[in-house]
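To start, the structure under review is shown below, and the notes come after it.
The values are calculated or read from the model by the stated rules, or taken from the named source; none is laboratory data. If you're wondering where the values come from, they're calculated on a predicted model, not measured in any experiment. Here the Cβ positions follow ideal geometry from the backbone for every residue, glycine too, while neighbour counts run over all protein chains shown. Just so you know, the surface numbers come from the protein's heavy atoms only, side chains and all, with ligands and any DNA or RNA stripped out. Shrake-Rupley method; radii C 1.70, N 1.55, O 1.52, S 1.80 Å.
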Amino acid sequence: MSAGAARLLTLLASARADDVPRVLAMVDAADLAGGVMDPGSDLCPLVAEHLAGHPDERVARAVAERLAVGDVRGPAPDACGGVTRLLRDRFGVEARGRRAAVVTGRGRNILMHPAPDLATARSAFHDYLLPQPWLQPDAARAVPSYRALLIRGLERGSIDAATLVRDGQPGAAIVELAAHDRVVPADGRVDRARRARADLAWELRRLVGGELGAQVGAWHRTLTGVQETVHSFGRLVHERVFLRGVDVVSRRGLWDRWTVTNTLLAMAPPTVVAQLMREADDFPYGPSAEQPPPLATINRDDDAVFAVAVAHNAPLSRAVVEFVIGDEPKAESHRHIRDRQREALASNPDTPESVLRRLLAPESVPGDLCRRVFRREDADEALCTAIFRMAPYPEFDTEWYASMLSARPTAAQLAPLRNATDPEWVHEAVRQAAVRIEGPGLMACYVRLAELAGLEPVWALELDRVGAIERMHPAVRASMVVGDVGPLLGAADAMGAGGMAGAAAAVGPVGPVGPGILPEGPRPVPGRRCESVLDDPLAWPLEDAVRSTLDARPDRWRTVVKALMAGADEPLPALVAACAAQG
C-alpha cells in the first residue's frame, strides 16, 4: 500500500493546489507515512506542507525524517519554509539551510536584499514589477531570487500563472521560466514546481494563440520587444505598436536570449516559423518588426545570428528542424546560412538521433556537418562508424578520420580504429591524429597500434610528436623501460578513457554504410531526446492530463486513489486517462 501512496504523492506534485488536501484526506495515515518514506516518491514542498500539518503525528514525523535525509526526490530545506516552521512548532525540529526571514515592504531595494522571505511572495512580487531595479548595472544579482520567488509563489498559489503572464516583468524572465528543464540543475533535485511551470507554459500558449495567431508581423514585434524592454509579456502582445521609451535590458545578460526566442518559436504556428526563418536569410540578425526597432541588443558575432542560433539552442521545435533540413534556398548567400544552420543543429544537444541521421542522408554532406555530428558526446558507435565510411575519397580515409576526431575522443569516436585490422592503416591514422588529440584518447590510440604492430611504432610516433625523449608521455617512457603495453593500458584506464581494451564495443558489427545509407532503426542513447518531443517541446504530459481531467473533480480523484492503492502500476499519464474515461 505504501508503494501506491508513494506514486500518489508523486502525482500530487502535478495537481492543483486546492485539490491536494482533499486527496490526502482520502488515504489512510499509515499508508501516507509509508509513502513519504519511500525514496521513489517525489515530495514537492506544497504537498510536504500539508503532510507536515497532518492530524496524525506519524505522517508529520515521516516528513521530518524525509527532510533530514535530503535525497534528491524530496524537497530541499531552503524551499520548505512552511514545512520547516510547522515541524519546528510541532516537534521542536530545527530547520536546516534556512536564512532568517527578511521583512519587506513595497518599494524595497531588491538588490540590497536579493533573497526575500518566500512566504511573503505576493507583496515581494510587486517589488520586482518596478522597472527601475532592472535598469541598474548589478540587476543580475536579483535574477536567481526573482526566479525562486516566482516558482514559490506559483507553487503556493499566491501568484497565479495568468496574472504572472499578464503583469510579470520583465516579460523575457517569465517566458524563460516556462522553458526551464524538468530537473533543477543547481542541485540535481527533481523539479519541485512542475505544475506551476506547466500552468505558466499553458497560459503563454493560450495568450499567443489568441492574440498573435498566424500574424507574422505581430510575431516580429513580440520577439523583438521581449528582448528589448522590461514590460510584461501581456502588454507586449496586446500593444499594436512597438514599445519604446525604456532602456534596453537584454544586453545586461539577465536571461538567455535564445532560450526566450526558441520558447516563443515553439508556440508559433509552423507557417510563421518558416516565414521568420526565411526572412532571416536576408536579415540574419533577428526579426524585424513592421517598423524595425533598434537592434542594439543583437550580438553581431557571426555565431550568434538569429538564423543560426535558433537551430543551436533549446527548446528545439519541429518547425525549426523541418525548415533547416528541408528548405533549399537558391541564392548562394542563403545556402551558406543554411549550411551554418545545419551545422548548428548537428551540435545542438537537444537534437534527436533520427534528426542527425536525416542530416547525414544526402548524397553529398559537407565535411563540417559530418564533423559536428561525429564529435557529439552522445553519438554512438554506429553513427560514428557511418560517418567514417562517408569519406568522399576512400583512398584518403585516414585523413578524413583523423580530421573527425575531437581533442578528447570518446570510445564511440575510436570505434573505427578499434575495428581496423590493417596495421599500416592504423599506424597512419594514429600518426595523423596524434597532432590533435591528447590525454586518454591518445593513450587508447597507442594501445591499439601496439596490439597490431608492437611497441616500437608507438615509441617512434611519440618521439616524433614531442621531439625529445624527456618530453614523451610518462606512460610511453615507462613502456620503453619495461617493454610492455601495461603502462599504456594503465594510463588510459586511470585517466578515464577506459582504454582501447576496456572500451568494449557498445553495439555489434555494423553493415555496409555509405552516403545516404545509414544504419536502420533508432539506437537509444541515455540522455538522447525522443523525436516526438519536437512536436511540442513545451508540453508537460502528466500536468496537462491532470489539468484537463482531474482539476476540481473529486470523484475522479477518488477513482485514481483507489486504483493506486490497489497496486496499479501503469505510467501515471495513462492511469489518469484511464480513470478519467471511467467518468
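Of the residues that sit in segment 473-491 and are touching a Ser or Thr at 6+ places or on another chain (Cβ under 7 Å) and in a helix (DSSP H, G or I), which one is surrounded by the fewest Cβ atoms within 10 Å (Cβ to Cβ)?
Within segment 473-491, the first condition is being touching a Ser or Thr at 6+ places or on another chain (Cβ under 7 Å), and the residues that meet it are 485, 487-488.
Subset that is in a helix (DSSP H, G or I): 487-488.
Details: PRO487: 19, LEU488: 28.
The selected residue is PRO487.
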Lone unmet requirement of (1) surrounded by fewer than 18 Cβ atoms within 10 Å (Cβ to Cβ); (2) small (Gly, Ala, Ser); (3) closer than 26 Å to CYS530 by Cβ for GLY367: (3)
All positions within segment 562-583 that are in contact (Cβ under 8 Å) with a residue 24 or more places away in the chain, among the aliphatic types (A, V, I, L, M) and open to solvent by 50 Å² or more (accessible area, probe 1.4 Å): ALA566, ALA577
Residue within segment 439-447 that is buried (at least 16 other Cβ atoms within 10 Å of the Cβ), assigned to a helix (DSSP H, G or I) and at positive phi present: yes
Where a residue in segment 421-439 is under 16 Å from LEU455 (Cα atoms) and its partner, wherever it lies, is open to solvent by 60 Å² or more (accessible area, probe 1.4 Å) and hydroxyl-bearing (Ser, Thr, Tyr), with Cβ under 7 Å and at least six apart: none
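Going by the conditions given, is THR398 assigned to a helix (DSSP H, G or I) and polar (S, T, N, Q)? Even if it seems obvious, please write down each step before you answer.
Details: assigned to a helix (DSSP H, G or I): yes; polar (S, T, N, Q): yes.
Taking the combined requirement at face value, the residue satisfies it.
Identify, from the list LEU345, LEU405, the residue that is of a type outside the set (Lys, Arg), touching a Ser or Thr at 6+ places or on another chain (Cβ under 7 Å) and buried (at least 21 other Cβ atoms within 10 Å of the Cβ).
Numbers: LEU405 fails: touching a Ser or Thr at 6+ places or on another chain (Cβ under 7 Å).
Answer to the selection: LEU345.
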Residue within segment 392-401 that is open to solvent by less than 20 Å² (accessible area, probe 1.4 Å), charged (D, E, K, R) and touching a residue at least 12 places away in the same chain (Cβ under 8 Å) present: no
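Take ALA574 and decide whether it is within 30 Å of PRO394 (Cβ to Cβ), part of a helix (DSSP H, G or I) and modelled with pLDDT of 55 or more. Reasoning before the result, please.
Values: within 30 Å of PRO394 (Cβ to Cβ): no; part of a helix (DSSP H, G or I): yes; modelled with pLDDT of 55 or more: yes.
No.
If the requirement is being among the aliphatic types (A, V, I, L, M), more than 21 Å from ALA314 (Cα to Cα) and within 27 Å of the chain's Cα centre (by Cα), which of these qualifies: LEU369, LEU359, LEU383? I'd like the intermediate steps shown before the answer.
On the way: LEU369 fails: more than 21 Å from ALA314 (Cα to Cα); LEU359 fails: more than 21 Å from ALA314 (Cα to Cα).
Every option except LEU383 fails the conditions.
Checking the conditions here, which among ARG106, ARG16 is open to solvent by 30 Å² or more (accessible area, probe 1.4 Å), in contact with a helix residue (DSSP H, G or I) (Cβ under 8 Å, 6 or more places away or on another chain) and at pLDDT below 65? Reasoning before the result, please.
Details: ARG16 fails: at pLDDT below 65.
Exactly one residue qualifies, and that residue is ARG106.
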Segment 305-353: number of residues that are at pLDDT 85 or above and among the hydroxyl-bearing types (Ser, Thr, Tyr): 2
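Would you point out which residue out of ALA162, ALA178, ALA198 is surrounded by fewer than 22 Cβ atoms within 10 Å (Cβ to Cβ) and at pLDDT 75 or above? Quick ask: steps written out before the conclusion?
On the way: ALA178 fails: surrounded by fewer than 22 Cβ atoms within 10 Å (Cβ to Cβ); ALA198 fails: surrounded by fewer than 22 Cβ atoms within 10 Å (Cβ to Cβ).
The match here is ALA162.
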Which numbered condition GLU470 misses (of (1) open to solvent by 60 Å² or more (accessible area, probe 1.4 Å); (2) modelled with pLDDT of 50 or more; (3) under 41 Å from the mean Cα position of the chain (by Cα)): (3)
Selection from segment 19-43 of residues that are surrounded by 17 or more Cβ atoms within 10 Å (Cβ to Cβ), out of contact with any Ser or Thr (no Cβ under 9 Å at 6 or more places or on another chain) and not in a helix (DSSP H, G or I): VAL27
